[in-house]
Number of protein chains: 2
Amino acid sequence: MAERKATGARVAVAVTILTVHEGTLQVLLLRRGAPPFDGWWALPGGLLPAGVTLDEFAAGKLAGETGVREVFLEQLYTFTEPPEPTAPPAATVAYFALVEHGVATLRAGEWPTRWWPVADHPPLAFTNDEVVRVAVARLRGKLEYTNAAYSLLPEKFTFAQLQRTYEAILGRPLDKRNFYRRILSLGLIEPLDEHLKVGAHRPAALFRFRRRQAEFLSPR
Amino acid sequence: MAERKATGARVAVAVTILTVHEGTLQVLLLRRGAPPFDGWWALPGGLLPAGVTLDEFAAGKLAGETGVREVFLEQLYTFTEPPEPTAPPAATVAYFALVEHGVATLRAGEWPTRWWPVADHPPLAFTNDEVVRVAVARLRGKLEYTNAAYSLLPEKFTFAQLQRTYEAILGRPLDKRNFYRRILSLGLIEPLDEHLKVGAHRPAALFRFRRRQAEFLSPR
DNA sequence: CCAAAAGTGTTCAATCTACACCCATGC
DNA sequence: GCATGGGTGTAGATTGAACACTTTTGG
């Protein structure tokens, strides 16, 4: 902090809210109804008010769009925006969040919102395309060594549900037995004394995450 | 970006410049000569001017303090600063850089600067203590799977120099043979047809990094 | 008894860790 | 010839990947 020149730089926040639904990783987008980028799809966000921390503001945006609190929410990266030195905001602090699809209720705010498959969404305003790409890459990495998925599943779930969630995010099939072993050896989840009967086949044991909070693991 | 309220938030940049010297990981600090935090030690940085990207501004700060360009420089994290909602700046985008000790020439700027061991430096202004902690943690991680160390060593170096650099950063001794194998198998460095004679013992082969630019590696 | 999803072990290859001696040189 | 740092291999343990059959249930 050597200098304190006057400046026009502003801070914006953008939140990449991800969910898994019908075997697909999806992102919450809203359609802007005003310039800049009028009519484009964009991530929820806005300019950071004074006196609010970034984390608080991002959590508020998430709650405002989905009604969801206390989920996985993590800072991603800060982008200079726009890339051409024209107008504010100068910096966009990107966050990403993971929500259970069934719990999120899209609160029609100022502008219409909907879920889009991350593999196939319209071009986005600002540098939001890159934000989403980075968020998905980070999520894939985090799955390997954190309990991030707790935020995408109900409290009780079957192993098959967990595996399908992982597969949707990673975009590839996983070996059932190896997946069992790996997840259990990480100590992320614990079995319950309950089984779920669905249809004409063997009932599935239910599990839950030991901790439904962001958690890091042993040295990998 | 749903909303565009007026705001007082400002963007600052802070650069954690690290080097290894005499077996110790050190950080470049400057002593502030004006409020806020008059008389405290702090990271180089400042408020982001309009029309400049974060990366450009961080690179400029680095060059201004050390005269060094084209080194490892990477965004770290964005902190809300100060934690209490009092005064601007609202967000500090932290970067970290790695410089070769011998090449950096501290350009006495506005305020006095010096290298401090990261393990033992005075308390810092703003949230800079946390910035340094996070930077060191990130560096330790990056060493394992990137060529980041290129930026801490001269173009030609011996394996022992490389190992001592790693050990200084990680803070623990490494097994010489395992270190040889691991580094070579990563393909980061290549042997030169030169040897360095120093003192009364076997001359050491010289190596260089294949690429003296930030580079990621295979899937780890 | 058939269809459907749940649940479960073993083998092989690759990687990581621990560990100790000889080599080349200058004095 | 000795002191100094340079350079090298092997064995055991751990980890990750591939792979197929039996169990439980409802209809």
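Each value in this text was obtained by applying a stated rule to the coordinates, not by laboratory testing. Keep in mind that this is a model prediction, so the values were computed, not measured. All Cβ positions, glycine included, derive from the backbone under ideal geometry; neighbour counts span all protein chains shown.
Odds and ends about this structure:
- Charge-dipole axis of chain B as Lys and Arg at +1 and Asp and Glu at -1 on Cβ define it, positive-most pick from B:Leu196, B:Leu152, B:Thr78: B:Leu196
- Projecting the Cα positions of A:Phe96, A:Gly33, A:Gly60 onto the charge dipole of the range A:32-114 (unit charges on Cβ atoms of Lys, Arg, Asp and Glu, taken about the Cα centre) puts A:Gly33 furthest along the positive direction.
- Alpha-carbon centroids, the range A:22-64 and the range B:43-73: separation in whole Å: 29 Å
- Here the protein assembly as shown was treated as a single set of alpha-carbon atoms; its pair distances binned every 10 Å from 0 give 4, 19, 25, 25, 18, 8, 2, 0, 0 percent.
- Taken about its Cα centre, the range A:15-80 carries a charge dipole of about 200 debye when Lys and Arg each add +1 at the Cβ and Asp and Glu each add -1 at the Cβ.
- The range B:143-197 and the range A:128-190 have their alpha-carbon centroids 35 Å apart.
- Placing a label point 7 Å from Cα along the Cα-to-Cβ direction at B:Ala205 gives distances to the equivalent points in the other copies of 5.2 nm, listed shortest first.
- Of all DSSP-defined beta bridges confined to chain A, some 75% are antiparallel rather than parallel.
- Cα-centred dipole magnitude for the protein assembly as shown, charges only on beta-carbon of K, R (+1) and D, E (-1), debye, nearest 20: 1240 debye
- At 7 Å out from Cα toward Cβ: A:Glu167 inter-copy label distances (nm, ascending): 5.0
- Prolate/oblate/rounded call for the range B:97-220, Cα gyration tensor, a/c under 1.5 rounded: prolate
- Of all chain B residues, the closest to the B-onto-A rotation axis by Cβ, with that distance in whole Å, is B:Thr78, 2.
- Comparing B:Phe179, A:Thr24, B:Gly141 along the charge dipole axis of the protein assembly as shown, the residue lying farthest to the positive side is B:Phe179, per the Cβ-charge model.
- Per-copy distances of the A:Arg133 label point, shortest first, in nm (7 angstrom along Cα→Cβ): 3.4
- About the centre of its Cα atoms, chain A shows a dipole size close to 640 debye [charges on the beta carbon of Lys, Arg (+1) and Asp, Glu (-1) only; nearest 20 debye].
- Reciprocal of mean inverse Cα separation for chain A (Kirkwood radius, Å): 18.8 Å
- Angle in degrees between helix A:159-170 and the longest Cα principal axis of chain A, rounded to the nearest 10: 30 degrees
- Between helix A:128-145 and chain A: long-axis angle, C-alpha atoms, 0 to 90°, nearest 10: 30 degrees
- Principal-axis tilt of helix B:54-66 within chain B, Cα atoms, nearest 10 degrees: 70 degrees
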